[in-house]
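Novice: First, the structure itself, so that you have it in front of you.
The values are calculated or read from the model by the stated rules, or taken from the named source; none is laboratory data. Every value quoted in this text rests on a predicted model; they were computed, and no experiment measured them. FYI the Cβ positions are ideal-geometry reconstructions off the backbone, even for glycines, and counts take in every protein chain you see.
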Amino acid sequence: MSERRRGWIGDGLAVLAGARPDVLAAAPGARPRFVALGGVLLSTGALAAVSAAFAVAMALGVWWPLALLVGLGWGAVVVNLDRMLLVGMAHDASLKRNLAMAVPRVGLALVLGVVVATPLTLQVFHKEIDAEIVSMQAEAADAHRQSLEADTRFAGLPALEERIAAQEAIVASGGAADAGLAVVRGTAAEKQTALDAATALSRELDAKAQCELDGTCGTGDAGTGQAYLQARAAADAQEAVVDATRGELDAAVAAVTAAEGRSAALAEGSLDRDREELTRLTAELDRLQAAFDAQNEGSGGILLRLEALDRLGDSNGTLAAAQFMLSLLFMCVEVLPVLMKLLLNFSPPTAYDRLAALRDSGDVDLEEMAQESRRTVAQAKEELLVLAEKERVDRQKEAILTRRRAALAEVAARAERERQVEQSPAEPAVVEEPRQMWDTGPIRELARSAAVRTVRSVRRRPADRTPTTV
């Protein structure tokens with residue numbers, strides 16, 4: 001890089017830092033300081049541009065060249081704001097005034113530092129944040145599923161599924177799986193128990209009669225005696241009871257079979273409707289969940305990333321400390337120009353500062369002298385206009401007085417002629433008309449109207465017009 005180009009770059013950095021080229025030419029010793037300040041301003045602007053590019057890419061997901069273009073615009077804005085903060089802090093030896101100027105500027109620089117540091121910090125920890133976001137999205141999906149299932153629209157889904165399963169079992173078993181037929185089945189079971197008891201008693205009585213017949217039990221007398229006949233009569237009576245009980249059991253079993261058939265028919269009739277309702281509700285639930293999942297998967301914006309970073313910091317102390325130190329570093333870089341300017345203000349004034357103050361005071365003196373000269377010239381012009389106007393009015397007054405004297409002289413001459421005419425008796429009628437025509441009243445009116453016209457012409461004349469000499 002040539003020496004001239006380096007000089008141009010240094011001059012540009014110095015002007016960027018707020019240096020005045022005319023004063024800097026007279027005090028070249030201050031040039032390195034302003035060049036350094038300009039470099040710091042460019043550093044903060046570059047940092048802000050990268051931060052804004054990351055922020056736009058994370059928040060909007062735009063194309064990287066477009067995000068970088070937006071970042072360059074934001075960097076230019078930050079450089080302009082920082083330059084405004086530097087230029088507004090003139091050198092002052094007063095501690096109170098310096099602090100009064102520095103506090104709002106440092107506060108604004110801190111705000112800018114936080115804004116710039118946040119996207120950069122998120123980008124540094126983007127791998128950890130991405131992993132935490134996956135976990136957060138899964139938790140959000142589960143929570144949303146539970147909330148949907150607790151919704152009144154879908155609260156009956158478990159009962160509906162159980163009812164469909166029960167209906168399918170009833171249809172598959174021909175109605176035998178219907179728990180609502182317990183009463184009918186209980187009656188059949190009772191009849192079966194009664195039949196079993198009657199059958200067992202009938203067999204016992206029949207065996208007793210046979211034993212009595214054989215003479216192996218009872219009376220011990222073989223043959224069809226009275227004891228045998230009684231035992232046989234009891235066995236036959238019990239056989240009738242068994243037949244009656246079997247008939248009742250057959251009726252109960254028929255009732256169970258009919259009830260199972262009806263139950264299977266009813267279950268088959270309502271099964272289609274319940275399946276259709278289950279399909280509709282399940283489809284609606286899946287649609288809502290899918291919509292939430294799509295939104296949840298695409299919600300990796302700045303807000304979610306900040307929340308993920310906070311969760312990581314809460315669970316990991318090392319990451320929290322690293323996050324704090326990194327954010328502090330970025331904020332210090334943003335605040336650095338204002339802090340440097342503040343520290344330089346506490347130092348003794350340099351030659352540049354004294355020359356700048358001297359030139360500012362000289363510019364003020366020159367402007368005051370120019371203002372005074374303009375006021376003097378304007379006052380002289382006004383005085384000339386007033387004098388010229390007075391001369392013109394005096395000339396008009398003199399002309400009016402001259403005409404009045406001439407008119408009075410003529411009136412006096414006519415009066416003298418009238419007096420001479422009155423002495424002659426031959427012409428008495430000629431005297432009245434000149435006396436009426438040249439009375440002093442018309443002469444006075446003529447002089448007054450001429451004065452009025454003169455005053456009106458003076459008022460209508462523009463103030464800035466230079467009067468001509470008559």
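Novice: Scan region 337-351 for residues that are closer than 20 Å to ARG97 by Cα and not in a loop (DSSP other than H, G, I, E, B) and jot them down. Steps first, please.
Specialist: Our first condition is that a residue be closer than 20 Å to ARG97 by Cα; within region 337-351, this holds for 337-350.
Within region 337-351, PRO337, VAL338, LEU339, MET340, LYS341, LEU342, LEU343, LEU344, ASN345, PHE346 meet the criteria.
Novice: Now for a separate question. Go over the candidates LEU343, LEU387 one by one and state the one that is free of Cβ contacts under 8 Å to residues at least 12 places away in the same chain and more than 25 Å from PRO28 (Cα to Cα).
Specialist: Numbers: LEU343 fails: more than 25 Å from PRO28 (Cα to Cα).
Testing whether each residue is free of Cβ contacts under 8 Å to residues at least 12 places away in the same chain and more than 25 Å from PRO28 (Cα to Cα) leaves just LEU387.
Novice: Residues to consider are LEU355, LEU387, LEU366; find the one that is surrounded by 13 or more Cβ atoms within 10 Å (Cβ to Cβ) and of a type outside the set (D, E, K, R).
Specialist: LEU355
Novice: To continue, here is another question. Identify all residues within region 243-255 that are buried (at least 19 other Cβ atoms within 10 Å of the Cβ) and either at pLDDT below 80 or of a type in the set (Lys, Arg) (or both); write none if there are none. Write out each step before concluding.
Specialist: Filtering region 243-255 for residues buried (at least 19 other Cβ atoms within 10 Å of the Cβ) gives 245, 249, 252.
If the condition is that a residue be buried (at least 19 other Cβ atoms within 10 Å of the Cβ) and either at pLDDT below 80 or of a type in the set (Lys, Arg) (or both), then LEU249, ALA252 are the ones that fit.
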